[in-house]
Amino acid sequence: MNFFITLAALILTSQITAYDYDPDNKLNQLAMTMAILKHNYISDMDNDVIAEKAIRGLLNQLDPHSDYLDMNELDALEDTTNGKVTGIGVEVTMENGLLKVIAPLDNSPADIAGLKNGDYITHVDNSLVLEIGIAEAVNRIKGKAGTKVKITVARPGEKKPLYFHIKRKEVSAPSVKAEMISDTIGYVKIGYFGLPTKDETENAVKKLMRENSNIAGLIIDLRNNPGGVLSSAVEITDLFLDNNKIGYDKVITVAKERNMNITQSFQSKNGDITDNLPLAVVINSGSASASEIMAAALKDHKRAIIVGETSFGKGSIQSVMPLSDETAIKITTGLYYTPAGSVVQKKGVSPNVYAESLQPSDKNLLDFRESDYLNSIKSSKSKSSNSTSNVEMKIVHKFGFEIYQAMQTLLNNQRQAKCQ
């Protein structure tokens, strides 16, 4: 308490004396720095501006996911939770002082313009992100609906920067998409975990099964799903688990704080709405956070075959703690663990069947994931047969090779079951 009184006195009165200042005390150095900025920096800054920058700087140095939230950022967080995003619709993280794209939301301005998972945003409206800072860069990207923002991107495999002029708008977080992709295989795309997503998923799956009595397998597409609300992901995962038939004490995920005490265990409470319909879950390096929790839970409980690439590796817990009615801090307070006790953070979720996008990429120039690629899978890539039918080629063209591979995996399992 004495420090904060001294700090306020230093900044407001500029009365720094030898008695007050201990050069070996870092808190005193902070007070001195703020006082010097107040009275000597080239641009005038009031006390609140200096203090906010100090808080943001502190939090941004901790990890990519801790941050200071002003009133606008709190409103944006609430909108995202409720399924709305204002701006260009892209989920980003911080890496090496730049904004790294986790994934653009489906059908968002960013998605339509061509931003991709793994892109590094270097400039916003010609301003270098390293110079203006992460928080300011994010604020400039958001802007007002109807206005445009220029985004400069460094993309692995590209020798020159890429430029995107994107019109901002209010984006509804993607709703669940569902359809049959073959006579017997259903497809459900979940682009984001918002509060309405559980009901949307349940209704979509039940409709598919009601209208297609011959359905024999279901693909759940979590590619480029950046996460969202944890409770939504837990509830959706529970739709596909029978709590009377699974192990691991029915756990879907466990949250542990820094001293490794269990803070909360999320468990399956209901039956499987598909009556144990064979599942394949498709993930890629843009699948992060809540989508990784879902994939890992279905994998550990041996409820689904995981197809695709190793996921992003964002398995940390962020808690929002208010500082006032209009401000808060978001800090990392723990990690999520899978039912089998594995950690998702940095490692991600590895697939049972490796299948990456057919789009070429050069992963040697810039890292695509939160990890340093130390846990990447070492396996051969699957190749499609030359005799692939036109129908199958249409599936690859419309949904991607990963979905085609997931479909083939389910169909092969069906054939094996019949033979037995």
Among (1) modelled with pLDDT under 95; (2) open to solvent by less than 50 Å² (accessible area, probe 1.4 Å); (3) assigned to a loop (DSSP other than H, G, I, E, B), the one test that ILE331 misses: (3)
Selection within region 173-197 - buried (at least 17 other Cβ atoms within 10 Å of the Cβ) and not in a loop (DSSP other than H, G, I, E, B): ALA178, ILE185, GLY186, TYR187, VAL188, LYS189, PHE193, THR197
Residue check, ASP325 within 30 Å of GLU52 (Cβ to Cβ), out of contact with any helix residue (DSSP H, G or I) (no Cβ under 6 Å at 6 or more places or on another chain), free of Cβ contacts under 8 Å to residues at least 12 places away in the same chain and assigned to a loop (DSSP other than H, G, I, E, B): yes
Pairs where the first residue, in region 207-229, is surrounded by fewer than 21 Cβ atoms within 10 Å (Cβ to Cβ) and the second is assigned to a loop (DSSP other than H, G, I, E, B) and among the β-branched types (Val, Ile, Thr), C-beta under 7 Å, 6+ apart: LEU208/ILE215; MET209/ILE215; MET209/THR274; ASN214/THR184; ILE215/THR184; ALA216/THR184
Any hit, region 203-221, residues being out of contact with any Cys (no Cβ under 9 Å at 6 or more places or on another chain), closer than 17 Å to VAL344 by Cα and outside any strand (DSSP E or B): no
Breaking point among (1) of a type outside the set (S, T, N, Q); (2) over 23 Å from PRO351 (Cα atoms); (3) open to solvent by 60 Å² or more (accessible area, probe 1.4 Å); (4) at pLDDT 95 or above, for GLU235: (2)
Qualifying residue in region 80-89 (condition: surrounded by fewer than 21 Cβ atoms within 10 Å (Cβ to Cβ), farther than 28 Å from SER311 by Cβ and in contact (Cβ under 8 Å) with a residue 40 or more places away in the chain): no
Within region 39-51, considering residues that are touching a Leu at 6+ places or on another chain (Cβ under 9 Å) and not in a loop (DSSP other than H, G, I, E, B), the one farthest from TYR68 (Cα to Cα): ASN47
Sole residue being among the acidic types (Asp, Glu), assigned to a helix (DSSP H, G or I) and touching a residue at least 12 places away in the same chain (Cβ under 8 Å), chosen from GLU170, GLU136, GLU131, GLU200: GLU200
Contacts under 8 angstrom Cβ, first residue in region 64-77 being without any contact (Cβ under 8 Å) to a residue 60 or more places away in the chain, partner open to solvent by 70 Å² or more (accessible area, probe 1.4 Å) and not in a helix (DSSP H, G or I), 6 or more apart: none
Candidates SER289, SER285, SER265 - the one that is closer than 20 Å to SER175 by Cα and of a type in the set (S, T, N, Q): SER289
Tally of residues being free of Cβ contacts under 8 Å to residues at least 24 places away in the same chain and of a type in the set (Ser, Thr, Tyr) across region 143-167: 2
Residues located in region 334-345, provided they are in contact (Cβ under 8 Å) with a residue 40 or more places away in the chain and crowded, with 17+ Cβ neighbours inside 10 Å: GLY334, LEU335, TYR336, TYR337, THR338, PRO339, VAL344
Test result for ASN284, in contact with an Asp or Glu (Cβ under 6 Å, 6 or more places away or on another chain), touching a residue at least 40 places away in the same chain (Cβ under 8 Å) and open to solvent by 10 Å² or more (accessible area, probe 1.4 Å): yes
Residue match in region 141-159 (condition: in a strand (DSSP E or B), open to solvent by 30 Å² or more (accessible area, probe 1.4 Å) and closer than 26 Å to LEU195 by Cβ): no
Answer residue from region 380-404, given it is open to solvent by 30 Å² or more (accessible area, probe 1.4 Å) and of a type in the set (S, T, N, Q) and is modelled with the highest pLDDT among those: ASN390
Qualifying residue in region 308-322 (condition: open to solvent by 50 Å² or more (accessible area, probe 1.4 Å) and part of a loop (DSSP other than H, G, I, E, B)): no
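The values are calculated or read from the model by the stated rules, or taken from the named source; none is laboratory data. Just so it is clear, the model here is predicted, and its values are computed rather than measured. Note that each Cβ is placed from the backbone with ideal geometry, even for glycine, and that neighbours are counted across all protein chains shown. We work out accessible area using only protein heavy atoms, side chains counted, and drop any ligands, DNA or RNA first. Shrake-Rupley method; radii C 1.70, N 1.55, O 1.52, S 1.80 Å.
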